[in-house]
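Here the structure is laid out as structure tokens; the discussion comes afterwards.
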Amino acid sequence: MINSMTNLYFVNVTVHVLAAVFWLGGILFLALVGAPILRAVEPPALRQELFRQLGTRFRVAGWIALGVLVATGLLNLQFRGLLDAGVLGSARFWTEPYGRALALKLGLVTVMLVLQAVHDFGVGPRASLLPAGSGAAVVLRKRAALLARVSALVGLGVVMAAVRLARGG
């Protein structure tokens, strides 16, 4: 039984890492490759439509990956015995290196999810509804780009916190 639980834990961690690679890799690809290329597309209406289609397609895949990350993250906590009664409720746990690393990771995940939600369900879609090239559309697109970049940076912070967590805090 222990061996099968260990195998399930390793499968879960692998799926967790793959979902993180997919989400963060996709965000970095869009920011560093896709967006710079699309900014050169003319006319502005075509550029806006391509951004809208790319954003909509990745939003679906990205939120699936984020859902997988949350689910597998909770399972990782369960496999490690951290969801057992009293562990996370212990003040002492949060003062130890592992607890501090987990708190950092969970805090960054929360910030990342909020930033991504504001980008994906607020600013990004609103920008695509405005007339291409209009002042308001440009302002919202710049805001969306900033949100995406900050979310990606926070995502890199999550990875750094995860590495620290995997190394015991």
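The values are calculated or read from the model by the stated rules, or taken from the named source; none is laboratory data. Computed from a predicted model, the values in this text were never measured in an experiment. Every residue, glycine among them, receives a Cβ derived from its backbone with ideal geometry; neighbour counts consider all protein chains shown. SASA here: full protein model, heavy atoms, side chains in, ligands and nucleic acids out. Shrake-Rupley method; radii C 1.70, N 1.55, O 1.52, S 1.80 Å.
What does the highest-first list of 83-91, 16-24 look like by mean Cβ count within 10 Å?
Result, highest mean Cβ count within 10 Å first: 16-24, 83-91.
Residue-wise, which Karplus ³J(HN,Hα) couplings in Hz belong to the stretch 31-46, taking 6.51 cos²θ - 1.76 cosθ + 1.60, θ = phi - 60°, and x for glycine or proline?
6, 9, 10, x, 4, x, 5, 5, 4, 8, 6, 10, x, x, 5, 5
I27: net charge of surrounding residues, Cβ under 14 Å, Lys/Arg +1, Asp/Glu -1, itself excluded?
Taking every Cβ under 14 Å from that of I27, the sum is +2.
Show M160, M112 ordered by accessible area, largest first, where the area counts protein heavy atoms only and the probe is 1.4 Å.
Final ranking, largest accessible area leading: M160, M112.
Output the 0 to 90 degree angle, nearest 10, between the alpha-carbon long axis of helix 135-166 and the longest principal axis computed from the alpha carbons of the chain.
Its long axis makes an angle of about 20 degrees.
Can you work out ³J(HN,Hα) from phi for every residue in the stretch 47-56, in order, using Karplus 6.51 cos²θ - 1.76 cosθ + 1.60 and θ = phi - 60°, giving whole Hz and x for Gly and Pro?
After applying 6.51 cos²θ - 1.76 cosθ + 1.60, I find 4, 5, 5, 5, 4, 4, 5, 4, x, 5 Hz.
What does the highest-first list of 138-151, 92-105 look like by mean Cβ count within 10 Å?
Taking the mean over residues of other Cβ atoms within 10 Å, the ranking is 138-151, 92-105.
What is the ratio of the Cα radius of gyration of the stretch 1-53 to 2.2 N^0.38 Å, with N the residue count, to two decimals?
The stretch 1-53 yields a ratio of 1.92.
Can you give me the angle between helix 2-29 and the longest principal axis of the chain, using Cα atoms only, in degrees from 0 to 90, rounded to the nearest 10?
20 degrees
Counting only other residues whose beta carbon sits under 12 Å from that of G73, what net charge do I get with K and R as +1, D and E as -1?
Values: positive: R80, K105; negative: none.
Taking every other residue near G73 into account, the sum is +2.
What does the charge count near G169 come to, summing +1 for each Lys or Arg and -1 for each Asp or Glu among other residues with Cβ under 9 Å from its Cβ?
Net charge around G169: +2.
With the dipole of the stretch 1-128 worked out from charges on the C-beta (+1 for Lys and Arg, -1 for Asp and Glu) around the Cα centre, which of A91, L75, P44 lies farthest toward the positive end?
P44
Three principal axis extents, largest first, for the C-alpha atoms of the chain, in Å?
Over the chain, Cα extents along the principal axes are 60, 32, 22 Å.
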